[in-house]
Amino acid sequence: MSRSLKTSLVAVIILLAGPVMALAADWSSTSMSILHGSDYKLASSEEATILTVEHASGWQYGDNFFFFDLWQPFDKDSGIYGEWHPRLSFGKLTGKDMSFGPVRDVLLATELNIGDGWRAYLYGVGFDLDIPHFNFFSINFFIREDPFIEGESTFQISPSWSLPFTLGKAQFDFTGFLDYAGTEGTAEANLLTAPQLLLNVGSLSGEAGTLWVGVEYQIWTNKYGVKSSDAVDSDENVAQLMAKWFF
C-alpha cells in the first residue's frame, strides 16, 4: 500500500469516527488549562504562556481524545497546535474478551497531529492496561507518517497514564504522556514527555472541586526532530506552572 493511500485511509477513519463518537458518548471530560514556563527551545519566545483545551470521551465502540494548544494567546505571535486520538476497541466491536495478562483491551489506534507547517498521520494498535491504583494506563504503538518529510515512515510509541493519590485530605493526580518517535527522513529520533503533578484545590476544604493546580515538566530531546548540537540546542527541559479547570 502506498504512503499516500495509507495516509488517506487514516484521515478517513478519523473523519468518520469523530462525529459518531461525539453523538454517542457514554462518558466525557472537558478541561481548559493555562501554563507558563521559560527556556523553551526553537520557539518564537523563550518565556511563554500556553492555553490548552482538552476533551476525552468514551463511546460504544471505543474512545476519543483531542487537545489544542494556543501558544502565547495574548500575543500577536500566537500559534496553534492540536492532536486528535480516536481509537476503536476490538473487544467492543467483536463482543469478545480481549484481555490477557495485564492487558484489558486491544484497540485500533489512530492519531492526527496538525499545526502551522506541521502535520503527521499515525495508525497502529493500542493496549489498555489494568494496573492497580491507576485511573488508566494505555500504550499505543504507531506507524508515523509526516507528509512534509521525504523518505520512509517511522514508528512512535506513546504511553499515557493517570495515577491519583491522597495525602491527608489533599487529592493529587500524577498524570501525563510520553511520545518516542524514530528517525524519519532528515528528522532525528526524538522523545517528548510531559508528566504533571496536580492538586485538587477543593479537596483541601474537604470537598473535591473542578480546579486543579500544580506543575507540568516538559522534556523534549531533539525537539521537532532537530538534532541537538553545539550549534543548535534543541533539548528542552521546562517546568511549567499550571492551572486546570474541568467543566
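Below are the figures for this structure:
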{"quantity": "Inter-residue pairs, beta-carbon under 8 Å, first under 20 Å from Q240 (Cβ atoms) and free of Cβ contacts under 8 Å to residues at least 60 places away in the same chain and in segment 50-74, second of a type in the set (G, A, S) and not in a strand (DSSP E or B), 6+ apart", "calculated": "L70/S78; W71/A43; W71/S44; W71/S78; Q72/S44; Q72/S45; Q72/S78"}
{"quantity": "Test: residue in segment 10-28 that is under 30 Å from V226 (Cβ atoms), open to solvent by less than 60 Å² (accessible area, probe 1.4 Å) and modelled with pLDDT of 95 or more", "calculated": "no"}
{"quantity": "Segment 128-144 residues that are farther than 11 Å from F155 by Cα, paired with ones that are open to solvent by 70 Å² or more (accessible area, probe 1.4 Å) (beta carbon under 8 Å, 6 or more apart)", "calculated": "D128/R104; D128/F136; L129/P102; L129/R104; D130/P102; D130/R104; I131/P102; H133/F165"}
{"quantity": "Any pair with Cβ under 9 angstrom, 6 or more apart, that starts in segment 180-197 at a residue that is free of Cβ contacts under 8 Å to residues at least 60 places away in the same chain and over 8 Å from G225 (Cβ atoms) and ends at one that is open to solvent by 40 Å² or more (accessible area, probe 1.4 Å) and of a type in the set (D, E)", "calculated": "G185/E150; G185/E152"}
{"quantity": "Near pairs, Cβ below 6 angstrom, 6+ apart or cross-chain, from segment 222-247 (free of Cβ contacts under 8 Å to residues at least 24 places away in the same chain) to any residue that is of a type in the set (S, T, N, Q)", "calculated": "S228/N222; S228/S234"}
{"quantity": "Segment 104-161, residues that are polar (S, T, N, Q), open to solvent by 30 Å² or more (accessible area, probe 1.4 Å) and within 25 Å of L70 (Cα to Cα)", "calculated": "S160"}
{"quantity": "Identity of the residue in segment 80-91, over 12 Å from the mean Cα position of the chain (by Cα) and either open to solvent by less than 50 Å² (accessible area, probe 1.4 Å) or modelled with pLDDT under 95 (or both), that ends up nearest to Q156 (Cα to Cα)", "calculated": "R87"}
{"quantity": "Verdict on D77 being open to solvent by 30 Å² or more (accessible area, probe 1.4 Å), among the acidic types (D, E), touching a Ser or Thr at 6+ places or on another chain (Cβ under 6 Å) and outside any strand (DSSP E or B)", "calculated": "yes"}
{"quantity": "Failed item in (1) modelled with pLDDT of 95 or more; (2) over 23 Å from T193 (Cβ atoms); (3) touching a strand residue (DSSP E or B) at 6+ places or on another chain (Cβ under 8 Å), with N135 passing the rest", "calculated": "(2)"}
{"quantity": "Qualifying residue in segment 215-234 (condition: part of a loop (DSSP other than H, G, I, E, B), open to solvent by 50 Å² or more (accessible area, probe 1.4 Å) and farther than 30 Å from E152 by Cβ)", "calculated": "no"}
{"quantity": "Selection from segment 113-156 of residues that are touching a Phe, Trp or Tyr at 6+ places or on another chain (Cβ under 7 Å) and more than 18 Å from H85 (Cα to Cα)", "calculated": "I131, F134"}
{"quantity": "Test for L241: is it under 29 Å from G117 (Cα atoms) and surrounded by fewer than 17 Cβ atoms within 10 Å (Cβ to Cβ)", "calculated": "yes"}
{"quantity": "In segment 171-190, the residues that are over 22 Å from F65 (Cβ atoms) and among the hydrophobic types (A, V, I, L, M, F, W, C)", "calculated": "A187, A189"}
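Residue-wise test of (1) under 25 Å from G126 (Cβ atoms); (2) of a type in the set (A, V, I, L, M).
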position	(1), (2)
S158	yes, no
I219	yes, yes
S229	no, no
D233	no, no
K244	yes, no
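The values are calculated or read from the model by the stated rules, or taken from the named source; none is laboratory data. These numbers were taken from a predicted model, which means no experiment stands behind them. Using ideal geometry, Cβ is built from the backbone for each residue, glycine included, and neighbour counts are taken over all protein chains shown. We work out accessible area using only protein heavy atoms, side chains counted, and drop any ligands, DNA or RNA first. Shrake-Rupley method; radii C 1.70, N 1.55, O 1.52, S 1.80 Å.
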